[in-house]
Amino acid sequence: MPTEHTTDVLEYTTGRATITYLRPATRDHAYLVDARCERCHRDVLHGAGDDLDNLALGDRRTHCACPGSYELTDSDGVIPRRVAEIRADLTAREARHRAAH
Ligand SMILES: [Zn+2]
């Protein structure tokens with residue numbers, strides 16, 4: 001079995017996906033990230049855990065048709081902006097909830 005192309009294969013199977021949005025999941029109090037695969041430009045969706053202070057990003061198996069995995073990267077600063085917006089929304093919801101009871 002030839003092994004001289006191992007490095008090429010690794011480069012080919014590890015890509016990046018740029019995060020485009022962070023949103024609360026409709027259940028489970030967890031969060032989802034929208035991302036776009038840099039190889040095929042397909043939009044993908046990944047779970048990011050339930051802790052806004054410590055979202056689970058990093059390397060993932062691809063959800064598009066590309067082989068291997070990619071790294072979820074926040075090159076546009078989407079996560080800090082959306083975390084602030086989601087926090088403000090949660091605070092507003094709690095205030096409404098308190099006012100209703
Ligand atoms: Zn892809």
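The values are calculated or read from the model by the stated rules, or taken from the named source; none is laboratory data. Just so you know, these numbers come straight off a predicted model, no measurement behind them. Reconstructed Cβ throughout: ideal geometry from the backbone, glycine too, with neighbour counts over all protein chains shown.
For L90, the requirement of being out of contact with any Pro (no Cβ under 6 Å at 6 or more places or on another chain) and not in a strand (DSSP E or B) is met.
Candidates T14, T18, T73: the one that is β-branched (V, I, T) and over 29 Å from L90 (Cβ atoms) is T14.
Check the range 14-37 and report whether any residue there is more than 13 Å from the ligand (Cβ to nearest atom), modelled with pLDDT of 95 or more and part of a loop (DSSP other than H, G, I, E, B). No, the range 14-37 contains no residue that is more than 13 Å from the ligand (Cβ to nearest atom), modelled with pLDDT of 95 or more and part of a loop (DSSP other than H, G, I, E, B).
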